[in-house]
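These notes are about the structure you will find just below.
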Amino acid sequence: RTTLKPERLQPKEVVDQALDTIQADVEARGHALEVQVPGDLPPVTVDRDRLLQILNYLLSNACMYTPNGGT
């Protein structure tokens, strides 16, 4: 059973953290990654670790299954 730890945070903070985690893989594969997150998004109440895990899975899969040099 997973225990969630909800907290209020800015979505851009977690997106930036996930991007920092995947950046080395993106560069190693010759990919170009462009992300536009509006800075004025309202805060959300989420479990930071779970949201970060989800974003990391999505970005990792996108990186893995995009042909080298892709965007």
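Rule-based calculations on the coordinates, nothing more; no lab input. Note that the structure is predicted; figures quoted are calculated from it, not measured. As a convention, Cβ positions derive from the backbone with ideal geometry for all residues, glycine included, and neighbour counts pool all protein chains shown.
Which residue out of LEU41, LEU58, LEU52, LEU33 is under 12 Å from the mean Cα position of the chain (by Cα) and in a loop (DSSP other than H, G, I, E, B)?
LEU33
Suppose the filter is closer than 21 Å to GLY69 by Cβ and without any contact (Cβ under 8 Å) to a residue 40 or more places away in the chain; does LEU51 pass it?
no
Could you list, in sequence order, all residues of region 1-29 that are loosely packed, with under 11 Cβ neighbours inside 10 Å and either within 14 Å of the chain's Cα centre (by Cα) or closer than 24 Å to GLY70 by Cβ (or both)?
Answer for region 1-29, where residues must be loosely packed, with under 11 Cβ neighbours inside 10 Å and either within 14 Å of the chain's Cα centre (by Cα) or closer than 24 Å to GLY70 by Cβ (or both): ASP20, ALA24, ALA28.
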